[in-house]
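Below is one structure, written out as structure tokens; comments come after it.
The values are calculated or read from the model by the stated rules, or taken from the named source; none is laboratory data. All values reported here derive from a predicted model rather than from experimental measurement. Ideal geometry is used to build each Cβ from the backbone, glycine not excepted, and the neighbour counts take in all protein chains shown.
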Amino acid sequence: MNATFSGDTRQPARESNIAAIVSYFEQGIKPAGGPGELGIELEHILVHDDMSPVSYSEKHGVAWLLGQLKEEYPTLTCDAHGDLLGVSRPGEAVTIEPAAQLELSAGPFVDLGRAREVFESFESRVGALLASAGERMLATGYHPTAKARELELIPKRRYQFMDLYLGRKDKHGPCMMRGSASTQVSIDYTSTQDCLRKLRLAFAISPIISLMCDNSPIFEGAPRTHELVRTEIWKHVDDDRCGLVPGVLEPSFDLRRYAEYILDTVSILVPCAKEQWCYSDRTFGDVYADRTMTRAEVEHAVSMFFTDVRLKTYIEIRPADALPIPYAIAYAALVRGLFYDPASLDALDELFSGIRASDYEAAKAALMESGYRAEVYGRPVAELCDAVMDIAMRGLGGDDREHLEPLARLVAARTTLATLAERERDGGAR
């Protein structure tokens with residue numbers, strides 16, 4: 001990172017850019033007393049029936065698949081060369097990640113039953129198309145057979161630059177981009193203070209969510225050597241833009257500090273007229289040193305950060321692996337129960353008071369080593385998981401409690417989808 005200061009003559013527009021970023025965040029403020037809407041993003045890994053990878057460009061690859069969906073999702077996203085990169089319709093966007101992981105982003109949802117219907121309908125339609133080509137899609141956190149660097153990148157200039165930069169930055173950049181798949185849930189905030197409070201609590205709880213939603217039994221084509229593969233991957237991508245937002249757990253943290261963090265981080269790529277995207281090893285503050293960023297430029301800058309929780313005009317909670325639909329909806333129910341009930345927020349404040357950055361990193365390390373046997377934040381993590389689940393249950397209405405049950409059963413059994421997959425594999429081997 002290339003730190004500068006508000007009065008630094010190298011960045012005459014720094015104060016206006018801080019204001020532009022803060023204003024962007026503030027534009028996400030929703031009226032208090034809303035229905036508690038959730039956005040859900042679920043990524044899938046596509047494989048042939050023999051479990052080998054499905055690429056973007058092959059005969060029945062992901063480009064072909066997107067083409068088959070155009071009639072139902074008529075709004076198209078293409079690159080400058082005409083390559084189809086996504087299709088959408090109101091409330092649903094089908095996009096692809098760097099190695100052609102297929103993502104459905106849908107919502108916002110008030111009714112989790114409706115959310116489940118949307119994702120089940122999508123999986124049914126895409127599953128039928130893939131079956132006709134001898135392919136299928138998997139909701140799992142990491143590619144089950146391939147090594148990341150063997151997977152073909154899609155023809156998206158942004159990803160070419162990111163792959164190059166992150167591949168040099170640390171050892172698992174390509175693993176994050178090409179091999180991993182996730183479930184993300186987004187929530188609203190009703191004021192600046194509500195935003196900062198939810199950010200802090202979401203970060204504090206992220207290691208525990210990582211455990212509850214662990215679904216990566218395989219890493220780089222081999223059985224994993226420890227739990228929480230996703231946590232290991234993101235630890236070795238880019239410390240400047242992953243993990244914990246600096247200072248976010250401190251009571252004094254504010255949106256200005258978040259904006260400064262964005263401006264003082266290497267941009268990797270910036271919009272340019274000639275090639276759409278151009279590589280840059282300058283910070284965003286230096287790139288826009290002499291003028292105020294537009295909203296589109298702010299949105300791009302924010303999108304180049306991959307922290308465990310990310311602020312846009314909503315809060316993305318990001319530590320979960322890709323999950324089968326019942327568990328993805330259960331995860332969304334968990335988030336709703338924790339973050340949309342005032343009593344739940346108060347209970348989380350009490351449960352996670354005084355958490356520091358060092359505690360956060362220690363929690364991740366302990367969970368990778370010991371899973372449900374770990375001690376986190378000075379307590380057995382199993383007890384913390386029970387407490388979190390109890391808070392969520394009390395924060396939900398009756399119908400939503402039913403949606404939470406699949407995840408609640410895993411917690412009660414002190415197990416994860418990844419562990420269950422390991423047991424099934426080992427039992428089959430015998």
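Please give the strands (runs of 3 or more DSSP E) falling wholly within the range 1-103 in which 3 or more residues are touching a residue at least 12 places away in the same chain (Cβ under 8 Å) and surrounded by 15 or more Cβ atoms within 10 Å (Cβ to Cβ).
Per the criteria, 38-48, 84-89, 92-96.
Could you pull out the residue among 202, 148 that is crowded, with 23+ Cβ neighbours inside 10 Å, touching a residue at least 24 places away in the same chain (Cβ under 8 Å) and within 24 Å of residue 366 (Cβ to Cβ)?
Answer to the selection: 202.
So which residues in the range 178-198 are touching a residue at least 24 places away in the same chain (Cβ under 8 Å), out of contact with any strand residue (DSSP E or B) (no Cβ under 9 Å at 6 or more places or on another chain) and either outside any helix (DSSP H, G or I) or surrounded by fewer than 23 Cβ atoms within 10 Å (Cβ to Cβ) (or both), if there are any at all?
Result: no residue meets the conditions.
Got a number for residues in the range 370-384 being aromatic (Phe, Trp, Tyr) and farther than 10 Å from residue 414 by Cα?
Of the residues in the range 370-384, 1 are aromatic (Phe, Trp, Tyr) and farther than 10 Å from residue 414 by Cα.
Across the range 108-134, which residue is surrounded by the fewest Cβ atoms within 10 Å (Cβ to Cβ) among those that are touching an Asp or Glu at 6+ places or on another chain (Cβ under 7 Å) and outside any helix (DSSP H, G or I)?
The qualifying residue surrounded by the fewest Cβ atoms within 10 Å (Cβ to Cβ) is 134.
Just one of the numbered conditions (1) touching a Cys at 6+ places or on another chain (Cβ under 7 Å); (2) more than 18 Å from residue 210 (Cα to Cα) is not true of residue 411; which one?
Just one mismatch for residue 411, condition (2).
Can you find even one residue in the range 374-385 that is among the hydroxyl-bearing types (Ser, Thr, Tyr), touching a helix residue (DSSP H, G or I) at 6+ places or on another chain (Cβ under 9 Å) and part of a helix (DSSP H, G or I)?
Taking every residue of the range 374-385 in turn, none turns out to be among the hydroxyl-bearing types (Ser, Thr, Tyr), touching a helix residue (DSSP H, G or I) at 6+ places or on another chain (Cβ under 9 Å) and part of a helix (DSSP H, G or I).
Checking the conditions here, which among 357, 413, 362, 366 is over 15 Å from residue 228 (Cβ atoms) and either touching a Gly at 6+ places or on another chain (Cβ under 9 Å) or crowded, with 16+ Cβ neighbours inside 10 Å (or both)?
That would be 357, the only listed residue that is over 15 Å from residue 228 (Cβ atoms) and either touching a Gly at 6+ places or on another chain (Cβ under 9 Å) or crowded, with 16+ Cβ neighbours inside 10 Å (or both).
Can you go through 267, 353, 358, 344 and tell me which one is in a loop (DSSP other than H, G, I, E, B) and among the polar types (S, T, N, Q)?
353
Which of (1) out of contact with any helix residue (DSSP H, G or I) (no Cβ under 9 Å at 6 or more places or on another chain); (2) modelled with pLDDT under 95; (3) of a type in the set (Asp, Glu) is the odd one out, the single condition residue 163 does not satisfy?
(1)
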